[in-house]
Amino acid sequence: MQVLKFGGSSVGTTDAISKVIAIVKERVQKTPTIVVVSAMSGVTDQFILLGQTAAQGNEAYQTMIQSLAQKHENAVLALLPSTQQASALSMVKELIQEIQSYCATIFNERTLTLRMQDCLMSYGEILSSKIIAAAFEAEGLDQVWLDSRKLIKTNSAYTSAVVDRALTNQTIQAYFANPTNQHALYMAPGFIASNAEGHTTTLGRGGSDYSGAIYAASINASILEIWTDVSGMMTADPRMVQNAKAIPNISYHEAMELSHFGAKIIYPPTILPVMHARIPLWIKNTFEPAHPGTCIENESPKDSNVIRGISSIKDICLLSLEGAGMAAIPGFTKRLFDALAKKQISIIIITQSSSEHSISVGVSVQDTHLAKIAVDAEFEEEINLQLLEPLIIEKELSIIALVGEQMRNHPGVSGKMFSVLGNNGINIRAIAQGSSEKNITAVVEAQDVPKAVTLLHEAFFETGYKQVHVYIAGVGNVGGKLIEQIKKQADYLQKHLRLQVNIVGIANSKKQLINLAGIDASHAHDWSDQLSAASSRNTHAGTIQDFVNAILEHNLPNSIFVDITANVTVADTYAQLLSHSVSVVACNKIACSSAYTHYAKLKALASKHHASFLFETNVGASLPVISTLNDLIQSGDQVHKIEAVLSGTLNFVFNNYEGGKDGKSFAQVVKQAQDEGYTEPDPRLDLGGTDVMRKILILAREAGHPLEMESIKNESFLPASCFNGSVADFYTELEKQEPHFKQLYDVSAAAGCKLKFIAKFESHANEKMNGMVTAKVGLQHIQPSSDFYHLYGKDNLVLFYTNRYPELPLVIKGAGAGADVTASGVFADIIRAARA
Ligand code: ADP
Ligand code: ASP
Ligand code: MG
């Protein structure tokens, strides 16, 4: 014989029930079959609400009964041919009348005891099983309806009754031993049973699975199949982890651990009866019957998977007892457990510190209050003597469990678990490993669960790829190019670096667009249209805090915030982001060139919270200036001097300005640079030297010198009058100052030189200035013999003089401005952060 159990979603609609009929039709040909069914999905909840409503004296309960009646009548009408509907409809009517009179009593008495609730809930399974039985008959499948209330016997713990296995075995076996009861197909309601007095009981929410297992074990079935709406037990809850996969084979013990720690797919007590009887248990999908599903059997498969699955339980609270006198209290642990057991509080995890000065137990949140009273009462004397502190309670926690029997043969699983969680800023409140080493559990804050489970799944199951979530602030020229580049390179990254880079948020100064499934960047302008259509932020324009709040709220693993603005408010959010383990990739130079203490703080936060803080494009766009410098320092070199042309803008300007000979004024050349995207939004930041000062400052800092902006000498060539007013005023003034620029040019040209804006940093080693550090920026006349002379277009050139490169410097040269190259530098930082 075999037992097939169909869950609520498999009998939730008439379409689904038709699928059930087709499956049963095929399976029943092989061997006699017991079909166990749940109530139609949602119905048990509706019955609970119905009872509560009636007990509150609320007339609305009548409408609830009507809607339940309607739902079941509709199922009859859709499943049965019209000639056979009458008797089924009158059966439904009769049951609805019973429900009605039962509810009238509840309404009049204004009470709903657990016993009454069980009786009411049982109608869910009675209705569904009788309707499906009628549908079987209509399809020519003769069946016998089994009254599970008579066959499955329990104690009187209403709503979660404990099955008397011996008595139940006897009853079921006696039934099937009777030759008049031999049939090919039986239909049984799941979930329901009765106690010694014959009152209806239920086996706990989700208990139909258990009914299936009890029937299977009692008749020693060849197989128990649990048919549901997913293709097997999965490596993680599929509602939480997109990439969860069906587990083909799993041991009873592993399945038991997973369900015990929250995998809703199977009701935890289900496994024990079939495990003892060695009956293979299969999880199958009603909506995809050809899929093999999961086979749960005795042995854990000997494959390479050390971890079989991940599950989690929410609504946990941690109770901790602490006190210096704890070790001295004899029988302490026993007393704690007994105190909880007396109140029927089940302990989900236990951890004890090795010093024996504290013990923590995780219990369900609804037991918290009771637990506090029970434990404080048990230890009242010790608390009064100050040997112990009163029970400490922490709420809003969850348990995450990694399960796998092979774990005991593979050291390092817990290390990997904790580094994955720790590196992503997830705080672990407690840990425990079962002594059988089939699971490792961690207590974490409830809000971190989806992130933690996704990360662990990625680490243990998705050797395939790592998902990275990118948020971009500032989507002008550079941002637009970046989005294009990411899109173009997506396949490569996935194939070669195993990275799946998803842009999940973009924002400009007024609006933001968020799509956690990934913003569709397939058409270059799709995202910008969507962004324009998005509503404006709540807070005043220009603040980025809404965007940052959203990032922190999403709490996605491997999140990277990319700042392509030149905005101080945006730079001010880095500390908050890094503190939450969100990596920051900054094109914006403001943070790194702010006060040294702030720069150092951001670096420390990044390191503390295992996030990356990268800003390669702060100097030389995508040229590998900072990364080279980091490599030199990390490998033990020392930088004495840096000389550089660091402004692509200024280089462009001085390469294109010929003292007005070609008819172009200095102002016109600057305007051209701005139009071509080579300047900061306010070109004075470039021309006045601030931008170059920031860059040499950042290089000096990265070389290990705590320099401040104020200590950099700026020999500005821009007349002071140019700094007044708006950008438009600046251009007018620039035009007026043409003679000044012409003279600069003429003097240099007369000496056979070119004008270049040079930045220089030096750490002096001579006697007079030993240990002193100087930095300056300014316009210089460059001879043809200099490295800087042959520097064209918007190129940058950086010369590093170091211990290893003392005379002939290490040279980095190339385009140092432009949207495309800057975007590619940002992109490279994103990849670095993603792979860190
Ligand atoms: P039924 O109504 O068939 O009894 P349930 O809703 O009780 O079905 O259980 C199936 C659901 O369990 C799935 O739809 C899935 O969302 C959820 N689930 C949670 N964890 C897992 C897991 N590890 N594997 C498969 N499903 C899981
Ligand atoms: N109908 C019951 C419930 O919803 C039992 C089950 O579906 O397994 O909990
Ligand atoms: Mg279920």
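Read-outs: derived from the displayed coordinates by stated rules, not from any lab. Worth saying up front: this structure is predicted, and the values here are computed from it rather than measured. Positions of Cβ are generated from backbone atoms using ideal geometry, with glycine treated the same way; all protein chains shown enter the neighbour counts.
Working note: Debye formula, equal point scatterers on the alpha-carbon atoms of region 713-780, no solvent; log10 I(q)/I(0) at q = 0.18, 0.21, 0.28 Å⁻¹ is -0.82, -0.94, -1.15. Our coupling estimate for region 48-53, obtained by passing each phi through the Karplus curve with A = 6.51, B = -1.76, C = 1.60 and θ = phi - 60°, is 5, 4, 4, x, 5, 5 Hz, Gly and Pro reported as x. Stokes-Einstein diffusion for the chain, with the hydrodynamic radius set to the Kirkwood value over Cα pairs and evaluated at 20 °C in a medium of 1.002 mPa s, equals 66 µm²/s.
Relative to the longest principal axis of the Cα atoms of the chain, the long axis of helix 738-750 makes an angle of roughly 70 degrees. In the chain, the longest principal axis of the Cα atoms and the axis of helix 545-554 are about 40 degrees apart.
Annotation: amide H-H contacts under 5 Å for residue 640 (H modelled 1.01 Å from N, sequence separation of 5 or more, or interchain): 801, 802, 803. Under 5 Å from the amide H of residue 503 lie the amide H atoms of 470, 519, each residue being 5 or more positions distant or on a separate chain, with H modelled from the backbone and absent for Pro and chain starts. The slack between residue 373 and residue 431, meaning 0.36 nm per residue of separation minus the straight C-alpha distance, is 18.4 nm.
Reported to the nearest whole Å, the Cα centre-to-centre distance from region 155-194 to region 26-96 is 22. Couplings for region 381-390, taken from phi via the Karplus curve 6.51 cos²θ - 1.76 cosθ + 1.60 with θ = phi - 60°, read 4, 5, 5, 4, 7, 6, 7, 10, 8, x Hz in order; Gly and Pro are left as x. Placing a label point 7 Å from the Cα of residue 45 along the Cα-to-Cβ line, the residues of region 67-92 whose backbone N sits under 19 Å from it are 67-72. Along region 722-729 the Karplus relation, 6.51 cos²θ - 1.76 cosθ + 1.60 evaluated at θ = phi - 60°, assigns HN-Hα couplings of 5, 7, 7, x, 7, 4, 5, 4 Hz to successive residues, with x for each Gly and Pro. Give the aspartates and glutamates reachable from residue 589 as a straight Cα distance under 13 Å; neighbours fewer than 8 places away on the same chain don't count. Within the straight-line limit of under 13 Å, residue 589 reaches these aspartates and glutamates: 563, 572, 616, 680, 686, 691.
If I stretch the segment between residue 222 and residue 162 completely, what's the gain in nm (0.36 nm per residue apart, minus their alpha carbon distance), one decimal? It would help to have the intermediate numbers written out before the result.
Working: separation 60, 0.36 × 60 = 21.60 nm, distance 2.48 nm.
Length difference between fully extended and current span is 19.1 nm.
Amide H contacts of residue 4: 34, 35, 36, 225, each under 5 Å away and 5 or more positions distant or on a separate chain (H built 1.01 Å from N in the peptide plane; Pro and chain starts excluded). Only residues of region 141-179 count here: report those whose backbone N is under 14 Å from the spot 7 Å along Cα→Cβ of residue 115, or say none. Counting backbone N atoms under 14 Å from the label point, the list is 155-159.
Checking the table 25/93; 314/372; 713/742; 713/760 against a 18 Å threshold on Cα-Cα, which pairs fail? Among 25/93; 314/372; 713/742; 713/760, the Cα-Cα distance tops 18 Å for 25/93; 314/372; 713/742. Bridgeable lysines around residue 511 (alpha carbons under 21 Å apart, same-chain partners fewer than 8 residues away excluded): 481.
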